[in-house]
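Asker: Can you keep this structure in mind? I'll have questions shortly.
The values are calculated or read from the model by the stated rules, or taken from the named source; none is laboratory data. The model shown is predicted, which means the values in this text are computed figures rather than measured ones. Note: ideal-geometry Cβ built from the backbone for every residue, glycine included; neighbour counts use all protein chains shown. Surface areas here come from the heavy atoms of the whole protein model, side chains and all, with no ligands, DNA or RNA. Shrake-Rupley method; radii C 1.70, N 1.55, O 1.52, S 1.80 Å.
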Amino acid sequence: MTPSLAPRASPAAAARRLSLALAVALLPACSVAPPYQRPEIPLPAAFKEAGATWAPAVPADALEHGAWWEAFGDAELNRLAQQLQRSNQNIAAAVAAQAQAQAVLRQQRAALWPAVGLSGRSTRSGGAAANRSSDSAKATLELDWAPDLWGRLSSGLNQAQASAQASAADLAGARLAALGSLAAAYFQLRAADAEIDLLDATVAGYARSLHIVQNRYAAGIAAQTDVLQAQTQHANARADLAALHQQRAQLEHAVAVLTGQAPAAFALPRARWIVQLPEIPPGLPSTLLQRRPDIAAAERAVAAANAQIGVQHAAYFPSLSLNASLGGSGSGVAELLRAPGTLWSLGLTLAQALFDAGANAARQEQAQAAHGARVAVYRQTVLTAFQSVEDQLTRLHTLQEQEPLRREATAAAERSAQQMLNRYHSGQLGYTEVVTAQATALSAQRALLQLQLERQLAVVALIQALGGGWQLPWQEPPAAADARGG
C-alpha cells in the first residue's frame with residue numbers, strides 16, 4: 001500500500017513526510033551476505049618432482065612478463081604468437097564474453113542509483129458540434145529509488161564483479177590455451193621439417209645403395225634377393241617421407257586456423273628447427289594460485305556464489321522503494337510551469353512477503369548448495385593444477401635423462417650401419433645385415449628427433465601448468481605483499 005501526499009497537503013506536512021522517507025532511505029545498508037573467505041587448500045611446501053635434479057640456471061624472464069614464447073628464441077614463433085592474439089577466434093569470443101560481463105557489472109552498479117524519467121503529452125481536440133478546438137499539454141518528472149537497506153543490491157553487485165573477474169580469468173585462460181596450442185603445433189611442424197630433411201637424405205642414400213646392388217647383381221656378384229631388399233627399403237623410406245609431408249601439411253593448417261587465417265591462404269616455408277629449451281623455474285606451490293587463470297576463475301566463481309547467498313537471504317526482509325513526481329498541465333505548453341497547474345506527489349512503498357510456502361528458504365538452500373559445489377570445483381581445480389605441474393616436471397626429468405642415452409644409441413647405430421655397408425661391399429656378409437643395421441640407425445635418428453620435440457612440448461606444457469606468467473589483476477602480487485611484510 002502506498003501512502004501519498006496529496007497536492008493540497010500543506011508544505012510543512014509534505015516536508016515532514018519527505019524528511020521521514022529520506023531518513024529511512026539513507027539508513028546505512030546492513031548486508032546480510034556471509035563474509036567471503038577464500039576456500040582453504042592444504043599447500044605442500046614444494047613441488048615433489050622439483051628436487052635436486054631440477055636446477056634451472058637462469059629464470060626465464062619472459063615467463064614473468066607474459067610473453068613466455070619468446071624464451072624459445074624463434075622469431076617466426078614470436079610473429080605467429082602476435083598474429084594469434086589479434087586474430088584467434090576463441091580469444092575473440094572470450095573478449096566478447098568479458099565485455100558482456102563488464103556490461104552486466106555496470107548495469108548492476110546502476111541499480112544503486114535513483115531512476116529519473118520524463119514524460120510529456122500534448123493533445124488537440126475538437127468536433128463538428130464544438131465552436132472551437134481546445135489544446136491540452138501535460139509533463140511529468142518522475143523519480144524512483146529502491147534503497148539497498150539489506151545489502152541485496154550490493155550483494156548482486158559483488159556477484160557481478162566476481163563474475164566479471166572470472167570472465168577476465170577465462171580470457172587469460174583462452175589466450176594461454178591458444179598460445180600453447182600454437183607453440184605445440186609450430187614445434188611439431190619444425191620437427192617434421194627436420195625429419196623430412198633426415199628422410200630426404202636417407203632416401204638419397206638408399207637410392208645410391210640400390211644402384212650399387214643392381215650393378216653388383218648385373219656383374220653376378222650379388223643375388224637378386226639383395227636387389228629386392230634394397231628396392232623394399234627404398235620404397236618404404238619414400239612412403240614414410242610422403243606420410244611426413246602429409247603430417248606437416250596438417251600441422252600447417254592447424255597453425256593457420258589458430259592464427260585466424262584460412263589454410264588455403266596460409267603457408268609456412270620450411271626452415272631450420274631451433275631446438276632451444278628455456279629453463280623454467282617451477283617456483284612455490286602457493287604462487288600457482290596466483291598464476292593459473294583456471295584457478296582464478298574457479299575462485300571468483302566461489303565469490304559470486306557467496307554473494308548470491310546474500311541476495312537470497314535479503315529476500316526475507318521487507319523491500320522499500322521511494323517515488324516522487326512533479327508535473328504540470330495546462331491548455332498549452334506555455335502554461336505547464338504555472339503554479340495553478342503544477343502537481344507533485346511523494347510515495348513510500350513497503351513490501352514484505354508473509355507466506356510463500358517455503359520458496360525463499362528453498363532458494364537460499366539452493367544458493368548455499370551452489371556455493372558448496374563451487375568450493376569443491378575450486379579445490380579440484382587446484383589439485384588438478386598441482387598434478388599437472390608434477391606430471392610435467394617428471395616428464396622433463398625423464399626426457400633429460402633419456403637424451404644423452406638416445407644420442408649414444410644413435411651414434412652407435414650409425415657407426416654399425418656404415419660398418420655393415422663396408423663389409424657388404426667387401427663381400428664379407430649379405431645385404432640382409434645391411435638393411436637391418438640401416439633400419440636400426442634410421443629408427444634411432446628419428447627417436448632422437450622425437451625426444452627433442454617431446455622436451456620442447458614438455459616445457460610448453462609446464463609453462464601452461466604454471467599459468468604462463470599471467471597475474472591476477474584484481475589482487476596484490478605476492479611479491480608486493482612480501483615487501484610490505486604482509
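Asker: Any idea which residue in the range 411-441 is nearest to the chain's Cα centre (by Cα), counting only those that are surrounded by fewer than 20 Cβ atoms within 10 Å (Cβ to Cβ) and of a type in the set (Val, Ile, Thr)?
Answerer: My answer is Thr440.
Asker: Looking at Glu408 and the list (1) of a type outside the set (Gly, Ala, Ser); (2) farther than 22 Å from Arg272 by Cα; (3) in contact with a helix residue (DSSP H, G or I) (Cβ under 6 Å, 6 or more places away or on another chain), which single condition is not satisfied?
Answerer: Failed condition: (3).
Asker: Please identify the pairs in which a residue from the range 96-107 that is in contact (Cβ under 8 Å) with a residue 24 or more places away in the chain has its Cβ atom under 7 Å from the Cβ atom of a residue that is open to solvent by 60 Å² or more (accessible area, probe 1.4 Å) and charged (D, E, K, R), counting only partners at least 6 apart or on another chain.
Answerer: From residues that are in contact (Cβ under 8 Å) with a residue 24 or more places away in the chain, the pairs are Ala97/Asp170.
Asker: Can you go through Val255, Val302, Val275, Val311 and tell me which one is in a helix (DSSP H, G or I) and either under 26 Å from Asn78 (Cβ atoms) or among the hydroxyl-bearing types (Ser, Thr, Tyr) (or both)? I'd like the intermediate steps shown before the answer.
Answerer: Working: Val302 fails: either under 26 Å from Asn78 (Cβ atoms) or among the hydroxyl-bearing types (Ser, Thr, Tyr) (or both); Val275 fails: in a helix (DSSP H, G or I); Val311 fails: either under 26 Å from Asn78 (Cβ atoms) or among the hydroxyl-bearing types (Ser, Thr, Tyr) (or both).
Every option except Val255 fails the conditions.
Asker: Quickly run through the range 241-275 and pick out the residues that are within 30 Å of Glu433 (Cα to Cα) and either surrounded by 15 or more Cβ atoms within 10 Å (Cβ to Cβ) or aromatic (Phe, Trp, Tyr) (or both).
Answerer: Result: Leu241, Leu244.
Asker: Something else now. Just a yes or no: is a residue in the range 442-450 open to solvent by 50 Å² or more (accessible area, probe 1.4 Å), assigned to a loop (DSSP other than H, G, I, E, B) and either touching a helix residue (DSSP H, G or I) at 6+ places or on another chain (Cβ under 8 Å) or farther than 30 Å from Gln276 by Cβ (or both)? Even if it seems obvious, please write down each step before you answer.
Answerer: Within the range 442-450, the first condition is being open to solvent by 50 Å² or more (accessible area, probe 1.4 Å), and the residues that meet it are 443, 446, 450.
Right, trim to assigned to a loop (DSSP other than H, G, I, E, B) and you get none.
No, the range 442-450 contains no residue that is open to solvent by 50 Å² or more (accessible area, probe 1.4 Å), assigned to a loop (DSSP other than H, G, I, E, B) and either touching a helix residue (DSSP H, G or I) at 6+ places or on another chain (Cβ under 8 Å) or farther than 30 Å from Gln276 by Cβ (or both).
Asker: Determine whether Ala222 is open to solvent by 10 Å² or more (accessible area, probe 1.4 Å) and over 30 Å from Tyr424 (Cα atoms). First the steps, then the outcome.
Answerer: Numbers: open to solvent by 10 Å² or more (accessible area, probe 1.4 Å): yes; over 30 Å from Tyr424 (Cα atoms): no.
Criteria not met by Ala222.
Asker: Sticking with this one: Restricting attention to the range 194-219, which residues are under 25 Å from Leu451 (Cα atoms) and surrounded by fewer than 14 Cβ atoms within 10 Å (Cβ to Cβ)?
Answerer: If the condition is that a residue be under 25 Å from Leu451 (Cα atoms) and surrounded by fewer than 14 Cβ atoms within 10 Å (Cβ to Cβ), then Asp200, Ala201, Ala204 are the ones that fit.
Asker: Could you go through the range 213-224 and let me know if any residue there is in contact (Cβ under 8 Å) with a residue 40 or more places away in the chain and part of a helix (DSSP H, G or I).
Answerer: Yes, there is a match, as at least one residue in the range 213-224 is in contact (Cβ under 8 Å) with a residue 40 or more places away in the chain and part of a helix (DSSP H, G or I).
Asker: For Arg121, are the conditions met, namely being at pLDDT below 85, closer than 30 Å to Trp150 by Cβ and open to solvent by 80 Å² or more (accessible area, probe 1.4 Å)? Please lay out each step first, then the result.
Answerer: Working: at pLDDT below 85: yes; closer than 30 Å to Trp150 by Cβ: no; open to solvent by 80 Å² or more (accessible area, probe 1.4 Å): yes.
No.
Asker: For Ala191, only one of the following conditions fails: (1) farther than 30 Å from Gln102 by Cβ; (2) open to solvent by 60 Å² or more (accessible area, probe 1.4 Å). What is its number?
Answerer: Condition not satisfied by Ala191: (2).
Asker: Read through the list (1) under 21 Å from Tyr431 (Cβ atoms); (2) out of contact with any Phe, Trp or Tyr (no Cβ under 6 Å at 6 or more places or on another chain), then give the number of the only condition that Val227 fails.
Answerer: It is condition (2) that Val227 fails.
Residues are listed down the side, and each one gets a yes or a no for (1) in a helix (DSSP H, G or I); (2) in contact with a helix residue (DSSP H, G or I) (Cβ under 9 Å, 6 or more places away or on another chain); (3) more than 15 Å from Leu77 (Cα to Cα); (4) modelled with pLDDT of 95 or more:
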| residue | (1), (2), (3), (4) |
| --- | --- |
| Asn158 | yes, yes, yes, no |
| Ala162 | yes, yes, yes, no |
| Gln165 | yes, yes, yes, no |
| Leu176 | yes, yes, no, no |
| Leu182 | yes, yes, no, yes |
| Phe187 | yes, yes, no, yes |
| Arg190 | yes, yes, no, yes |
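Asker: If the Cβ limit is 9 Å and pairs must be 6+ apart or interchain, which residue in the range 249-278 that is without any contact (Cβ under 8 Å) to a residue 40 or more places away in the chain pairs with which residue that is of a type in the set (S, T, N, Q) and open to solvent by 40 Å² or more (accessible area, probe 1.4 Å)?
Answerer: Cβ pairs passing all conditions: Val257/Gln89.
Asker: While we're looking at this one, here's another question. Glu454 fails exactly one of the following numbered conditions: (1) modelled with pLDDT under 95; (2) in a helix (DSSP H, G or I); (3) open to solvent by 30 Å² or more (accessible area, probe 1.4 Å). What is the number of that condition?
Answerer: It is condition (1) that Glu454 fails.
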